[in-house]
Every structure is written in structure tokens, then in C-alpha cells.
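Structure first, commentary second.
What follows draws every value from the coordinates through simple rules; no lab data is involved. Only a predicted model underlies this, so the values are computations on that prediction, with no experimental measurement involved. As a convention, Cβ positions derive from the backbone with ideal geometry for all residues, glycine included, and neighbour counts pool all protein chains shown.
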Amino acid sequence: MSEARFEISAGFLPLLDSALLVAAREKGFAAAEGIELTLLRETSWANIRDRLAVGHFQVAHMLAPMPIACNLGLTPLAANTVVPMALGLGGNAVTVSNALWHDMAGHGASDDLSPRAVGEALRAVVAARARSNASPLRLGVVHPHSGHNYELRYWLAACGIDPDRDVEIVILPPPLMADALGSGALDGFCAGEPWNTAAVLLGHGRIATVKAKIWRSSPEKVLGADARWGEANAEALSALLRAIHHAAQWCAEPANHAELAGIMSAPAYVGRPAGWMLPALSGHLGTAVDSLVDVDDFFVPQAKAATFPWKSHALWFYSQMVRWGQVEHSAANAAIARDTYRPDLYRTALKPLGAALPGANAKVEGALPVPTPVGSAGASLVLGPDGFFDGGLFDPDDLDGYIAAQRNVAG
Amino acid sequence: MIRGLLLCHGRHCIFALHNDGRRAKKKSMKTAALRVLVIDENRIRASIIEAGLREAGHEDVTLVHDVSGIGRRIAEINPDVIVIDLENPNRDMLENMFQLSRAVKRPIAMFVDRSDSASIEAAVDAGVSAYVVDGLKRERVKPILDMAVSRFNAFSRLARELEEARSELEDRKVIDRAKGILMKSRGISETEAYALMRKAAMNQNRKLSEIAQSLVTAAGLLGDDA
């Protein structure tokens, strides 16, 4: 093995979508780039943020909106954080307790994960509970600045459920979700894998819908990098992005899924059975003990520019922070969000590999109903489909218009 | 009316201080009555922090070991400062709660002092974090954070020493067993058995306890010593 030229420590949470970082280390892609990559499992996103801020980590597996929240000053402590790469698309699901599913089924919830049909059944349950003065349903997400929180709220609002008034949304670490569902502390949750599969296999709940159907090919985790470190160590950062790029290709290959599931199940990573990892990788989702649903693009590690840090993704997350009252909209704040994602760093690192590099930095989200070849440098590139389930479009050039329109809907 | 909160990163501790404007006059000039909440599932460490706070003249200290129902507790206690350990997996939940003013009546969630990076680093290194209610002066909070950091470090040192002592005891036990095996199988004295193992350890550049462990394991495998 060649001598390591760079030493990089990365924090991560025990989630399947840390796979790209794990594979970069375990399959030798980091070593091949001259990186000694140390992976440190953490217990909370707050720890990831704090340890990045004080330099224990140079980079980390992060919720895609988190670096934006850090740079906007919405968090107690934060280093200036940049996003030079995403760590795949999709990967989340909404899981409800058996009791809630029973009620929803009574109101016509379908078992095909359709966000519309399932959401309308949920709205009927919410309304019925309100009429009978039952306590509002309690739904868990992993962090206020998370794809989970925003996609859950987007879905609820689009189905006529006010996420702030009609239900209670609470924060819980992902590994505790399944047990909380089983104990009745939660009625449902939106989290990454393998924690939905865990709830199903433990008999605590049922997967009601998935991120890939609420907003297909949508962003979830990213590589957050300490901006100062990245600037001073541009070569190391580029080498890491190349290593993760190769890891993403390896993770995407179905022939490698069994091995990847085995690696992820190790105690140092997710520390749960390999069988829990496979549904997310294959898209054959066990939604209940007796129900299997095939989901297209459930988790996309590499295809469709899945690791490209689109500025339109950053701006959509920003629009949701505004929508739910986490930040005031201003041109300056929008610029902070936009500048957090750094496709320029991605291109610099991957250009020498001839990888497919999108020609644009942003795109209209939800605009592609079918797979569509797009302008790219290097290898050819197909994007989409990428639709929101309600047919919504997000045009990053009309951020103000989008924010104004959702204000009317959010009520 | 929490303006700040100190969070810990090691085992589990949270502690919060309160400042509701009613600044009780203390005999000691340096401390007005800050309400401090320490959240730590590790009771021993929480007590160590509490003792430190009381020594520093903070009498309004509450310890919480279990985060279930913490929202209600925080509303009741209304702390000025919260100290929590960084190992607590519920930090994200707690931070979110601090940011929702309706849950705690007043916003917290500002780390002690962003500009004081040395303090922040020392805290994260030690595994502790703090949140403070808005408007508390750093001079009032800094000593609390510093105290928590030093007590956290002292606790870690103690825990490490305890672990070392425990493993030393284990080593001694296995060495005694190995000696017994040698005495029986070779018909030698205890001193001779010990000398034999020490020589083997020196020759192989291994620890005495490792030699003893392999002896015990081998004897177990061969059925010489149950």
C-alpha cells in the first residue's frame, strides 16, 4: 500500500447512506488516492457539527440542509461549512405504527406507497381524531434541519395537513425511532434506512410512503467540509472527492450489494444485521411483514449525478427553512444558502476522471417527467425523473415567487 | 428564560442555568443566582459537576438523569444555563426544544461564546457542551463552562484510572492461575513458576499477563485446567 499523503477524519451517523464514505475506506478507494481516512461514528448531528467546528473532523456525513443552517447562523455552534459533494439521492421513508396504519387503511390508504392516497387517508385520521378530541398524532424526524423534516412537512401540507397545528413533530435520533414506535411514544416517523426496515421487521410499524415518491431523485445526505480546511487543503479534498466518486460507483453496482450490506452491518458502522441494509440497496422494500413493494430509485448512490451538489437543492432546502419559520427570507440569506453548495470543487476534483459533469450548477427541480439526457462534460449524463408528487416545480431563478406561493399554501 | 445551555459529549450530562431577572444578592460578589440545569445520565459525573457548582457559589442547581419528559422539566426549572454531555444521543432533540421558544418560554441555543474558540474546543474535547439563555454576560457563564470542562476531564481521568486498575486486577488473577498451572504440571514452586513466565515474557517481548493468558488458554484447550 502506498504511503498516505493525506490524513482525513470524517464523522458519520449509523445510517445506510454513510455507505459512500464507508466504502471509500473499506474498499480501498481512499487509500488508492493516498488518503488515510478515519471514520468516527457519532451519536447526534449536533456532535457532528461541533466536532467539525473544533477540527476533530475535516469532513462529515451530514444532513443536506445542515451546512446551510450552520452558515446561516441557525445553530448554536458551527464552522463555515461547504458542500463539495452529495452522498446520493433518496433513501428515506415514512413509517407509521400498526395502530395508525389500521386507522389509515380504514380511510382508504393504499399499500402502494402513493403519497397522495396515503396522505389523504392520514388527513382523514387526523380530522377524525380532532373531532373526538384525541391528542394530535406525534411524528418523529431526526433533526429540524433535515430532508426528513422538510419532505414530511411538504407531504403533509400538500395533503391538507398543517404540520404545525394538526400534528406534533418531534426530534429523535434515528436508531431510537423503531422502539419509540413500538412503545407508542410515536405514531409515525420519517427517517433514513435501515431504521424503517427495522421498525417493520421488529413488527412495530408499516412503511406508508417513501421519499422517492414524495420527491423522486431528491437530495438527502451530503459531504460537509470545514471550509477553512478545504481551502488550505484543496488537494486532499479533491482526492477525497475522487475516492468517494469511485466508492459511489462501487456501491451502485448490484453485484456488490450483498458485500456492502455486510460491511455496513459491522459494529463500527451501522451495527445491525446485513439483511436490514438490503431493501434500501435493492429497492425491494418490505413495507410490512406480508408486503413487498418495488420502489424505483429508492436510494441512488451514483446514477443521475447523484453526488453532484446542485445549487437548486441548496435553494430548495432554504425555501423550506423560510416556509417553516426557521429563517427570514432575504437576498443575503439566499446567497449564503446558494454559496454553501460548491459544484466548482466537485468539477475540479472529478474532471481528470472523465466523470459525467453536469453543465449547469442548478436545475428546475421537478421538471423532468422521464429520464432525460442533459448537457454534460465527460461521460454522458441522464437525469430524472425527478418529480414532486403534487406536480410542483421549483425554479431556483424564481425563488421569491416560490417562497411567496408556499406562504399562501402553508396557511 | 433560558439563554444558554451547556452540552456535554462524554457520558451524559446536561445542565442549564436560569436567569429570570431576579438576581438574588449573594454574599459572594462574583455570583448572582444563576439557575443551572445539569443533564447527565451518569449520576456520578453529574454529582461531581453539581459539587463544583455549589463550591463556586451556585446554589440553584438541578440534576436531571433521564431526558424523558425533559421539555416539561425545563419549563418548570426555567434554567439560565444548561450543561449536557456530548454522548447524549438526544442533543438534537434538546437543541430543537431550546430553539422553540414556545417550549421553554425563552430562546436559548447560543453556545457560550462563539468567538471564544479555545473554550469551545476545550469543551468539545472534554465532551461537554453548554447552552445559555440570551443576554447572559459571558463573564458570568465562562467560569461555569470552565469548571464543567475541568470536572469532565477529571472524571474521564478517574474513569480511565479505574479501568486501568480493573484490568490490572484481571491481569493479576490470570497470572495467578497460570502460575498454578505451571506449579502443578511441572512440579515447581510459585517463585520458579513466576520466574519462568517472566523469562518467557522478556524473551518474546510480551507482557507478563499476555504470556499468562496464553498459558491459561492453552491449558484450557488441552483440558489440563478447567
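Work out the mean other chain Cβ neighbour count within 10 Å for the residues of A:161-174 and drop it here as an integer.
Values: counts 0, 0, 0, 0, 0, 0, 0, 0, 1, 4, 9, 4, 6, 2.
The per-residue average across the peptide is 2.
Kindly put A:THR340, A:THR38 in sequence by how many other C-beta atoms sit within 10 Å of each C-beta, fewest to most.
Working: A:THR340 29, A:THR38 14.
Listed from fewest to most nearby Cβ atoms, that is A:THR38, A:THR340.
First select every other residue whose beta carbon is under 10 angstrom from the beta carbon of A:ALA367; then total the charges, Lys and Arg +1, Asp and Glu -1. Intermediate results must be reported in sequence, preceding the final value.
Numbers: positive: A:LYS363; negative: A:GLU365, A:ASP386, A:ASP395.
Neighbourhood net charge equals -2.
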Quiz item: Using modelled backbone amide H atoms (1.01 Å from N, in-plane), which distant-in-sequence or interchain residues come within less than 5 Å of A:LEU89's amide H?
Solution: A:VAL300
Quiz item: What ³J(HN,Hα) values, in whole Hz, does the Karplus curve 6.51 cos²θ - 1.76 cosθ + 1.60 give for the stretch A:117-133 when θ = phi - 60°, with x put for Gly and Pro?
Solution: 5, 5, x, 5, 5, 5, 4, 5, 5, 4, 5, 4, 5, 4, 4, 9, 6
Practice problem: Output the relative contact order of the stretch A:92-214, whole-number percent, from Cα pairs under 8 angstrom with separation of 6+ residues. | Solution: 43 percent
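Just the C-alpha atoms of the stretch A:1-148: what Rg/Rh do they give, with Rh taken as the Kirkwood radius? Walk me through the numbers before you get to the answer.
Values: Rg = 20.5 Å, Rh = 18.3 Å.
Result for the stretch A:1-148 is an Rg/Rh of 1.12.
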Quiz prompt | Stretch in chain A that is longest and holds no trypsin sites (Lys or Arg not before Pro) that DSSP places in a loop and that have at most 15 other beta carbons within 10 Å | solution = A:166-411
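With 10 angstrom as the radius, rank B:VAL67, A:VAL210 by how many other C-beta atoms surround their C-beta, starting from the fewest.
Values: B:VAL67 19, A:VAL210 29.
Exposure proxy ranking, most exposed first: B:VAL67, A:VAL210.
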Quiz item: In nm, to one decimal, how far is the modelled label at A:SER330 from the one at A:ARG41, with both set 7 Å along Cα→Cβ?
Solution: 4.2 nm
Exercise. Treat each spin label as a single point 7 Å out from the Cα along the C-beta direction, and report the B:ALA75 to B:ARG186 distance in nm.
Key: 7.2 nm
Quiz item: Around A:THR38, which amide H atoms from residues at least 5 apart in sequence, or from another chain, sit under 5 Å from its own amide H, with H modelled in the peptide plane?
Solution: A:ILE8, A:SER9, A:ALA10
Quiz item: Taking the alpha-carbon centroid of each part, what is the distance from the stretch A:340-369 to the stretch A:53-71 in angstrom?
Solution: 20 Å
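Taking the alpha carbon gyration tensor of the stretch B:37-89, what are the square roots of 5 times its eigenvalues, largest first, to the nearest whole Å? Walk me through the intermediate numbers first.
On the way: eigenvalues 61, 42, 13 Å².
So the three semi-axes of the stretch B:37-89 are 17, 14, 8 Å.
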Quiz item: Say the dipole of chain A comes from +1 at the beta carbon of Lys and Arg and -1 at that of Asp and Glu; which of A:PRO371, A:ALA24, A:ALA86 then lies farthest toward its positive end?
Solution: A:ALA86
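To the nearest 0.05, what FRET efficiency results for A:ALA379 and A:ALA234 with a Förster distance of 25 Å applied to their C-beta separation?
Numbers: r = 24 Å, r/R0 = 0.95.
After rounding to 0.05, the efficiency reads 0.55.
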Exercise. Determine, from the Cβ-Cβ distance of B:GLU164 and A:LEU202 and an R0 of 35 Å, the FRET efficiency 1/(1 + (r/R0)^6), rounded to the nearest 0.05.
Key: 0.35
Quiz item: Where the only charges are on Cβ atoms (+1 Lys, Arg; -1 Asp, Glu), what is the dipole of the stretch B:165-222 about its Cα centre, to the nearest 20 debye?
Solution: 60 debye
Exercise. Can you tell me the 0 to 90 degree angle between the C-alpha axis of helix A:399-410 and the longest principal axis of chain A, rounded to 10?
Key: 20 degrees
Quiz item: In angstroms, what radius of gyration and Dmax does the stretch A:92-214 have, counting Cα atoms only?
Solution: 12.6, 35
Quiz item: Each label point is 7 Å from the Cα along the Cα-to-Cβ direction; what then is the distance between the points at B:LYS207 and A:HIS284, in nm?
Solution: 4.7 nm
Practice problem: Report, ordered by chain and residue number, the aspartates and glutamates lying within cross-link reach of A:LYS213, taken as a straight Cα distance under 12 Å and ignoring same-chain residues fewer than 8 apart. | Solution: A:ASP112, A:GLU151, A:ASP294, A:ASP296, A:ASP297, A:ASP386, A:ASP390
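Expressed in nm to one decimal, what extension gain is obtained for the pair A:ALA130 and A:ALA405 from 0.36 nm per residue of sequence separation less their Cα-Cα distance?
Values: separation 275, 0.36 × 275 = 99.00 nm, distance 2.76 nm.
Fully extending the segment from A:ALA130 to A:ALA405 adds 96.2 nm.
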Quiz item: In whole Hz, what ³J(HN,Hα) sequence does the stretch A:218-229 give by Karplus (6.51, -1.76, 1.60; θ = phi - 60°), x for Gly and Pro?
Solution: 9, x, 9, 10, 9, 8, x, 10, 4, 4, 5, 4
Quiz item: Rounded to the nearest 20 Debye, what is the dipole magnitude of the stretch A:92-214 about its Cα centre when Lys and Arg each give +1 and Asp and Glu each give -1 at the C-beta?
Solution: 140 debye
Quiz item: In whole angstrom, and with the biggest value first, how far do the Cα coordinates of the protein assembly as shown range along each principal axis?
Solution: 88, 70, 54
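Order by neighbour count: A:ASP297, B:ASP66, B:ASP85, A:ASP187, fewest other Cβ atoms within 10 Å first, most last.
Values: A:ASP297 22, B:ASP66 10, B:ASP85 31, A:ASP187 25.
By the 10 Å Cβ count, ascending, the order reads B:ASP66, A:ASP297, A:ASP187, B:ASP85.
How much length, in nm to one decimal, is gained on full extension between A:ASP344 and A:ARG116, taken as 0.36 nm per residue of separation minus their Cα-Cα distance?
Going from the current span to full extension adds 78.3 nm.
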Self-check item: Placed amide H near A:ALA356: partners under 5 Å, 5+ positions off or other chain
Solution: A:ALA379
